[in-house]
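Below is one structure, written out as structure tokens; the observations come after it.
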Amino acid sequence: MQRPVRLGVTGGIGSGKSTFAAMLGDCGAAVIDADAIARSVTDSGGTAIGAIRSAFGAEYIDDKGALDRARMRALVFADAQAKERLETIVHPLVGSAVAQAAEHAMQAGKRLIVFDIPLLTESPRWARQLDAVLVVDCSESTQVMRVQARSGLTEDAVRAIMAAQSSRSTRRAAADFVVYNDGLSLSDLQTIARRIASMFGL
């Protein structure tokens, strides 16, 4: 069985990276959404909930039994050690689920596995698992506009999230491919996705 190419797709908040990853999926790639997996392990009944309750206290679990994301977000923005504690709990569980999904994609004969990873350049653990990295990039003003439009957050809140992520230059420096998603229509983006997919035999 031919080993599939493992492509990491990343970008800052509001860049359109998940939209682009999904377009690669439409071209026949297997798409593994690390963010969705992280949400599932911290959702009600998720495998991380018991350890989070033990490490942080019951006040960080909401009345549905899921992680209280707003409260935890405020804590980890303010406390780097709390962020590390949370990552120590969540990352191994996400890594295990990602590996399992990749194995399923390989068994299904997929030529390209796309790993949609928001914080790819922030974590050294991804580099050795990937064959190539694609960065979806756009201007900071475009990021702010897109995130405000979909979430209603203030500009300051969006910029605080952006400041906690890698810089655009750091992401671009790690990239084998860069897609500049400023001023592109969805049709333009799909054309680029098809071109990238064809490079991997799709």
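The values are calculated or read from the model by the stated rules, or taken from the named source; none is laboratory data. A quick note: this is a predicted structure, and the numbers were derived from the prediction, not measured. Quick reminder, even Gly has a Cβ in these numbers, built from the backbone with ideal geometry, and neighbours come from all protein chains shown. Remember, those area values only see protein heavy atoms, side chains included, never the ligands or the DNA or RNA. Shrake-Rupley method; radii C 1.70, N 1.55, O 1.52, S 1.80 Å.
Data for the structure
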item	result
Within segment 49-103, tally of residues that are under 23 Å from Asp33 (Cβ atoms) and not in a helix (DSSP H, G or I)	6
Looking only at segment 109-133, and only at residues there that are acidic (Asp, Glu) and modelled with pLDDT of 90 or more, the one that is surrounded by the most Cβ atoms within 10 Å (Cβ to Cβ)	Asp116
Restricting segment 134-159 to residues that are open to solvent by less than 50 Å² (accessible area, probe 1.4 Å) and part of a helix (DSSP H, G or I), the residue that is nearest to Gly12 (Cα to Cα)	Gln143
Top-ranked residue of segment 183-202 - restricted to ones that are of a type in the set (Gly, Ala, Ser), in contact (Cβ under 8 Å) with a residue 60 or more places away in the chain and within 14 Å of Phe20 (Cβ to Cβ), ranked as surrounded by the most Cβ atoms within 10 Å (Cβ to Cβ)	Ala193
Members of segment 85-120 found to be farther than 30 Å from Gln143 by Cα and among the charged types (D, E, K, R), listed by number	Glu103, Lys110, Arg111
Failed condition for Ala82, given (1) modelled with pLDDT of 90 or more; (2) more than 21 Å from Asp182 (Cα to Cα)	(1)
Test: residue in segment 21-43 that is in a loop (DSSP other than H, G, I, E, B), open to solvent by 50 Å² or more (accessible area, probe 1.4 Å), in contact (Cβ under 8 Å) with a residue 24 or more places away in the chain and of a type in the set (D, E, K, R)	yes
Number of the condition not met by Met106 [criteria: (1) modelled with pLDDT of 90 or more; (2) within 25 Å of Val158 (Cα to Cα)]	(2)
Set Ala58, Ala82, Ala70, Ala102: member being surrounded by 18 or more Cβ atoms within 10 Å (Cβ to Cβ), under 23 Å from Asp43 (Cα atoms) and of a type in the set (Gly, Ala, Ser)	Ala102
